[in-house]
Each structure stands twice: as C-alpha cells, then as structure tokens.
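Here's the structure, in structure tokens; my notes come after.
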Amino acid sequence: MTPPILYIVVPCYNEEAVLPVTSGMFREKLRQLTESGKIAEESRVLFVNDGSKDRTWEIITELSRQDEHFQGIAQSRNRGHQNAVLAGLMEAMDRCDITISIDCDGQDDIDAMDRMIEEYEGGCDIVYGVRAKRDTDTAFKRATAQGFYKLLNAMGAEVVYNHADYRLMSSRALHEFAKFREVNLYLRGMVPMVGFRSACVAYDRRERLAGESHYPLRKMLALAFNGITSLSVKPIRLITFAGFFISILSFIGIIWALITAATGHSVAGWASTACIVCFIGGIQALFLGVIGEYIGKIYLEVKDRPRYIISDRTAEMDAEKEMR
Ligand code: UDP
Ligand code: MG
C-alpha cells in the first residue's frame, strides 16, 4: 500500500512569537513520518492565517519560499479559530488522503500523530486527540473546562470528553463533512455526527511555547453557549418544562389568593404581588432571550453567507487551484 498524503492543518492568529519555533517541529515530524514510510513525500504543513495583525503571514510565505513542505492560505479577515480550521480542511481535502488539525502554539503533543496515523491504517476515518491530563493548565482553566464538557453534554450536545480540535480526518470523512452546510460552526460537536469508525488517542497537553492564549474565560463561555445552541434544542425544551412548572405554581397561587380573599384576609397583599410580578417578568425575559438566540442562529443560517473567504495562497496552493 502506498503511504497516505498527510496535510497538517494549522490555524494561526497573531502567532509571530511561536511560528518560528513550532514550524520547525512540524517540519521535523513530517520528515520523521516520511522516512519511516508512514506518509508520502507530498505531505504538507498547511498554515491558515486567520487575519493576523502581526507578521504571521509574512512568516508563512517566507517559510513556503524556503521549503515547499510549508504551504499557507490566508483568510480575508479574522473569523475565529473554527472557521480557520474549516477553511484549511476544505482546502486540503482534495489534495491529500488524511488531514490532522492542530494548534500552532505547541501545546498539543505532535508525537501523538504517529498513533493517530496507526489508527487510520487500522481502518479509522476519524481519530480524536484527547488530553490525558491538564497539569499545565491553571486550576481555574481546568475547572472551567470540566464544567464546560459537563454542561455541553447535559444540554444535549455530544462532544468527545477532553477533545479540542486536534484530530485526524480522512479525505472521505471530510467530503461527507463538507455537506454539513451550517454557518454556526462547532467542529468538535459536528465531526462526531459524520460517523465512520473512529478512535481516541490520548496525549499530554503542554504549556504554550510563547505568546498568549486567545481563549480567556469570556470566549470559553461564548464557545460553550454557541456549542449548545448550535447542536441542541434542549434549552428550548427546558423552557417548556419550566413554563409548565411555573404554571402549576401560578395555579396554586391563584387558589391561595382566592381563599384569602374569600376568608377576608386579603389586605396586606402588596409584597407577594410584587414578588410574583418581578419573578415572572424576569423568567419571561430570560426565556425569550434563549428562544431569541435560536432565532438569531436561524437568521444567520438563512443568509447562508460564506463560512470563510480566502484572500491569499502560497505558490503551490495557488497553482493547484488553477489546475483543478
Ligand atoms: N486562533 C485562530 N483565530 C482566532 C483565535 C485563535 O486561528 O481568532 C488559533 C491560534 O492561533 C491557535 C489556536 O487557534 O493556533 C488556539 O488558540 P489559543 O492557543 O489561543 O487557545 P487555547 O489553546 O488557549 O485554548
Ligand atoms: Mg493554545
């Protein structure tokens, strides 16, 4: 069997501090895998510049001039990590047999790729990289990340525990994945829906080699919320249940009010009335908000805007584009 062509897809946003270090690591990995006959010589590292404001794109184009194993595409503006990964995967899928998406900050253990490829050879189309432990994360990040998975699963979004976006996907799985046309992207929740045989490979997550995390708590919460509302309608169902529960409470309240009125004790009712009005008002606003969130998503889906726009490509990516 001829070895598969691998494209390592690496999203980069303002990563001038780490790229010079990690690009060498990716290149070394390609060399190792090629020499051991696990992947074909035509394999590439495909950087996706996500509208960086620093010298990231210059570094990528310079790398590709020095070594054809480095290629790059640039999004026309910053669209976020998920869109950047998608752009890279879609560009790669017709050029290779397998892709591995990985962050460019060196946190994910590159050596797990060997085992991922073994799983692929063993017949898996999707291999999830799963963090074995989170020693290097702060206790706070660890706790919030754990809460994040629990919340997602409780809300009906099935995600692989401790899996971020370090994963191998075969070209076949990607072609099926390309048919998922939604613009509200949540890759780690969408990929399992593709199906096929899959496996998990555990790896240790390290500290960022340089630069800063782009995922502070605020963005993590937004990602969790986005994940839930993109993948599941459970929150709406919960609202229905809550509405039912509140209706029962209200019914009891009405009976209580009628009894007190009938027995002539209904003088001092202001506080209870005010509490009920406030409570119902608050709950209604909250529920409308959640439903509005879904309507907003529908609005975005209906507009069907492109999920990524590529403004630049390095030479080889450009040439092949014209050939096709
Ligand atoms: N990233 C991106 N676009 C963004 C934010 C981040 O392409 O708008 C990339 C970033 O360059 C990195 C990966 O996504 O390769 C993960 O980001 P980061 O390391 O900041 O997140 P963390 O590992 O802290 O969750
Ligand atoms: Mg990181």
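Data overview
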| read-out | value |
| --- | --- |
| Restricting the range 1-28 to residues that are more than 9 Å from ligand 1 (Cβ to nearest atom) and assigned to a loop (DSSP other than H, G, I, E, B), the residue that is modelled with the lowest pLDDT | MET1 |
| Matching residues in the range 33-43 - criterion: being in a helix (DSSP H, G or I) and either in contact with a Gly (Cβ under 6 Å, 6 or more places away or on another chain) or in contact (Cβ under 8 Å) with a residue 60 or more places away in the chain (or both) | LEU33 |
| Selection from the range 230-247 of residues that are touching a helix residue (DSSP H, G or I) at 6+ places or on another chain (Cβ under 6 Å) and of a type in the set (D, E, K, R) | none |
| Condition check for VAL45: closer than 18 Å to ARG95 by Cβ, within 16 Å of ligand 2 (Cβ to nearest atom) and of a type outside the set (Asp, Glu) | no |
| Every residue from the range 78-95 that is among the polar types (S, T, N, Q) and in contact with a Phe, Trp or Tyr (Cβ under 6 Å, 6 or more places away or on another chain) | ASN83 |
| So GLY253, is it closer than 25 Å to ALA84 by Cα and either under 17 Å from the mean Cα position of the chain (by Cα) or more than 16 Å from ligand 1 (Cβ to nearest atom) (or both) | no |
| Qualifying residue in the range 235-247 (condition: without any contact (Cβ under 8 Å) to a residue 12 or more places away in the chain, of a type in the set (A, V, I, L, M), surrounded by fewer than 18 Cβ atoms within 10 Å (Cβ to Cβ) and away from ligand 1 (no atom under 16 Å from the Cβ)) | yes |
| Residue count, the range 181-224 (criterion: more than 16 Å from ligand 1 (Cβ to nearest atom), surrounded by 14 or more Cβ atoms within 10 Å (Cβ to Cβ) and either free of Cβ contacts under 8 Å to residues at least 24 places away in the same chain or among the acidic types (Asp, Glu) (or both)) | 1 |
| Filter result for the condition that a residue is charged (D, E, K, R) and either within 26 Å of ILE8 (Cβ to Cβ) or in contact with a strand residue (DSSP E or B) (Cβ under 7 Å, 6 or more places away or on another chain) (or both), over ARG237, ARG206, ARG218 | ARG206 |
| Residues that are free of Cβ contacts under 8 Å to residues at least 40 places away in the same chain and under 17 Å from LEU168 (Cα atoms), drawn from the range 1-32 | PRO3, LEU30 |
| When residues of the range 140-163 are limited to those that are under 27 Å from GLU121 (Cα atoms) and free of Cβ contacts under 8 Å to residues at least 40 places away in the same chain, the one surrounded by the fewest Cβ atoms within 10 Å (Cβ to Cβ) | TYR161 |
| Residues located in the range 274-324, provided they are β-branched (Val, Ile, Thr), in a helix (DSSP H, G or I) and surrounded by 12 or more Cβ atoms within 10 Å (Cβ to Cβ) | ILE276, ILE280, ILE283, VAL290, ILE291 |
| Residues that are over 23 Å from GLY227 (Cα atoms), touching a residue at least 60 places away in the same chain (Cβ under 8 Å) and more than 14 Å from ligand 1 (Cβ to nearest atom), drawn from the range 66-92 | GLU68, PHE70, GLN71, GLU91, ALA92 |
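The values are calculated or read from the model by the stated rules, or taken from the named source; none is laboratory data. A quick note: this is a predicted structure, and the numbers were derived from the prediction, not measured. Here the Cβ is made from the backbone with ideal geometry for all residues, glycine too, and neighbour counts use every protein chain on show.
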